[in-house]
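Presented below is the structure to which this report refers.
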Amino acid sequence: MTTTYTIGDLAREFDLTTRAIRFYEDLGLLQPERSGPGGRSRVYTVRDRTRLKLTLRAKRLGLSLTEAKEIIDMYDSPRDTGAQLTRFLDVLAVHRQQVEEQMADLQANLDEIKEHQREARVLLKKTGAKTHAS
């Protein structure tokens, strides 16, 4: 028998709302089967669970849902895996560059804060008052 999951199962497992899972479904990231009266119940397969797991991993890496879908869809297709991996590396390179730039901006901001703190402490010391925050 094939393992299946309800929307509630996946929501609990991945700590998501059912609304978020339905949103991923609307974007085509998940394609559950329908069962019950009027097809109201969603039945998710192991494939859907894996795609959800990969989607969440892609989000953590900073990829957009569109990029995540493109890459995940490539793994579903029988195309050349070399091209798929090359595309994945290209997307990761762009995101890595963005994160490195953000880190550099944050480091510059932190350095500026430290300099202002140092200057304020020097001025405060001249007034004879005690410093508070580090």
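Read-outs throughout are calculated quantities, based only on the coordinates presented, and are distinct from any laboratory measurement. Predicted model, so just to flag it, every value in this text is computed and none were measured. In this analysis, Cβ positions are derived from the backbone assuming ideal geometry, glycine residues included, and neighbour counts consider all displayed protein chains.
Taking the Cα centre of segment 78-134 as origin and charging only Cβ (+1 Lys, Arg; -1 Asp, Glu), how large is the dipole, in debye to the nearest 20? Could the numbers behind the result be given before it?
Details: 9 positive and 9 negative charges, 98 e Å.
So the magnitude is around 480 debye.
In the chain, which helices (entire DSSP H runs) extend 24 Å or more along their own long axis, judged by Cα positions, while averaging at least 1.6 on the Kyte-Doolittle scale? TM-like helix candidates: nothing returned.
Listing 50, 4, 17 from fewest to most neighbouring C-beta atoms within 10 Å gives 17, 50, 4. Look at 3, 45 and count the other Cβ atoms within 10 Å of each Cβ; fewest to most, that gives 3, 45. Among the lysines, select those whose C-alpha is under 24 Å from the C-alpha of residue 114, and discard any that sit fewer than 8 residues away in the same chain. The qualifying lysines are 125, 126, 130.
Considering only alpha-carbon pairs that sit under 8 angstrom and 6 or more positions apart, the relative contact order computed for the chain is 15 percent. For segment 1-62, trypsin sites (Lys or Arg not before Pro) are listed when DSSP marks them as loop and at most 13 other Cβ atoms sit within 10 Å of their Cβ; the list is 40. Each of 74, 103, 1 has some number of other Cβ atoms within 10 Å of its Cβ, and from fewest to most they run 1, 103, 74.
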